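Note sheet for the following structure.
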Amino acid sequence: MRFQDQVAIVTGAGSGIGRETALQLAREGAVVAVADIDVARAEAVAAEAGAERALAVAVDVTAAEQVRQMVRTVLDRFGRIDVLVSNAGWDRTGPFVETDEALWDKVIAINFRGHLACVHAVLPAMIERGAGRIVTVASDAGRVGSSGEVVYSGAKGAVIAFTKGVAREVARSGIAVNCVAPGLTDTPMLAEVSVGSERLMEAIVRSIPMRRLGRPEEVAQAILFLASGQATYITGQTLSVNGGLTMV
Ligand SMILES: NC(=O)c1ccc[n+]([C@@H]2O[C@H](COP(=O)([O-])OP(=O)(O)OC[C@H]3O[C@@H](n4cnc5c(N)ncnc54)[C@H](O)[C@@H]3O)[C@@H](O)[C@H]2O)c1
């Protein structure tokens, strides 16, 4: 069990990739804070993980004070944080020219500033202990760009650069910071953004060398690897999990 007695926070853990990550961490021995803006979903995942293995936490990652409160709750209850998986995200597709500032603000707040708030909130306790592992979840859209989700691509690119910068700053404090960049993964988010673009999705899937969507558990496996003691000399890296769609 790679995470025996470790304490982990997973944001956006009520659904999709975050849910699978929280469940796999719990199966591998961690106690997991299942954090999500949708508390009912977080509670359902925490119940699935087992009451002794998981704690549901309501948090909006765009509200820095709520994020700090989440971290205080976890520290008060469990005394330490070994792992942060900063995964919460949101997307709305459409041509950039038809977007407005309200949408830009929302996309950037969830997909970029949310990571700043979460990483900023956990670092003091990790620095004090001289140990910690952080995995941010970006997207291949942040490496190569993606039409129809241009602002999201920009925010995800910012997450990748942010991850590298923080990794440099905290490496000497014993903290590793890495990023997982999923490709198209079969989750409720993908289902939502694909509505009305089913033929386009089929064409994209045909262009994936493995000819299929990823499964959330396959992304979770990469996250757990980077969060584990098997990745002790890896920091500042971005690992795409995408069936070969992009190779950068
Ligand atoms: N599914 C894909 O194809 C895909 C591809 C590339 C990257 N990603 C990224 O993977 C991550 C997980 O996505 P998913 O596909 O599992 O999505 P999902 O919609 O299934 O799950 C996302 C979760 O985040 C939560 N969330 C949204 N806004 C939040 C907020 N402000 N505060 C706290 N929680 C919030 C939602 O309630 C939801 O439970 C996201 O960062 C997403 O951008 C997904």
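The values are calculated or read from the model by the stated rules, or taken from the named source; none is laboratory data. Treat the numbers as computed from the prediction; the structure is a model and nothing was measured. Cβ placement follows ideal geometry from the backbone for every residue including glycine, while neighbour counts extend to all protein chains displayed.
Here are the numbers for this structure:
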item: Residue count, the range 169-217 (criterion: in a helix (DSSP H, G or I) and exposed (fewer than 14 other Cβ atoms within 10 Å of the Cβ)); result: 13
item: Residue among Arg133, Arg113 that is in a helix (DSSP H, G or I), under 25 Å from Val59 (Cα atoms) and modelled with pLDDT of 95 or more; result: Arg113
item: Lone unmet requirement of (1) assigned to a loop (DSSP other than H, G, I, E, B); (2) more than 23 Å from Phe3 (Cα to Cα); (3) within 13 Å of the ligand (Cβ to nearest atom); (4) touching a residue at least 24 places away in the same chain (Cβ under 8 Å) for Asp60; result: (4)
item: Number of the condition not met by Glu28 [criteria: (1) closer than 20 Å to Pro188 by Cα; (2) touching a Lys or Arg at 6+ places or on another chain (Cβ under 7 Å)]; result: (1)
item: Cβ-Cβ under 6 Å pairs, at least 6 apart or on other chains, the range 17-31 side within 15 Å of the ligand (Cβ to nearest atom), far side acidic (Asp, Glu); result: Glu20/Glu217
item: Some residue of the range 231-247 being more than 18 Å from the chain's Cα centre (by Cα), modelled with pLDDT of 95 or more and closer than 23 Å to Ala26 by Cα; result: yes
item: Flag for Val34 being of a type in the set (A, V, I, L, M, F, W, C) and closer than 15 Å to Val119 by Cα; result: no
item: Residue, farthest from Arg113 (Cα to Cα), within the range 154-182, restricted to residues that are near the ligand (Cβ under 10 Å from one of its atoms) and of a type outside the set (A, V, I, L, M); result: Pro182
item: Index of the failed condition, Ala227 passing every other in (1) crowded, with 16+ Cβ neighbours inside 10 Å; (2) modelled with pLDDT of 95 or more; (3) at positive phi; result: (3)
item: Members of the range 70-88 found to be part of a loop (DSSP other than H, G, I, E, B), in contact with a helix residue (DSSP H, G or I) (Cβ under 9 Å, 6 or more places away or on another chain) and either more than 19 Å from Ile127 (Cβ to Cβ) or among the small types (Gly, Ala, Ser) (or both), listed by number; result: Asn87, Ala88
item: Among (1) of a type in the set (Gly, Ala, Ser); (2) more than 11 Å from the ligand (Cβ to nearest atom); (3) under 15 Å from the mean Cα position of the chain (by Cα) - the single one Gly114 does not satisfy; result: (2)
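Yes or no, residue by residue, for (1) of a type outside the set (D, E, K, R); (2) in a helix (DSSP H, G or I); (3) more than 30 Å from Ala231 (Cα to Cα):
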| position | (1), (2), (3) |
| --- | --- |
| Ala47 | yes, yes, no |
| Ala51 | yes, no, no |
| Glu65 | no, yes, yes |
| Arg68 | no, yes, no |
| Val97 | yes, yes, yes |
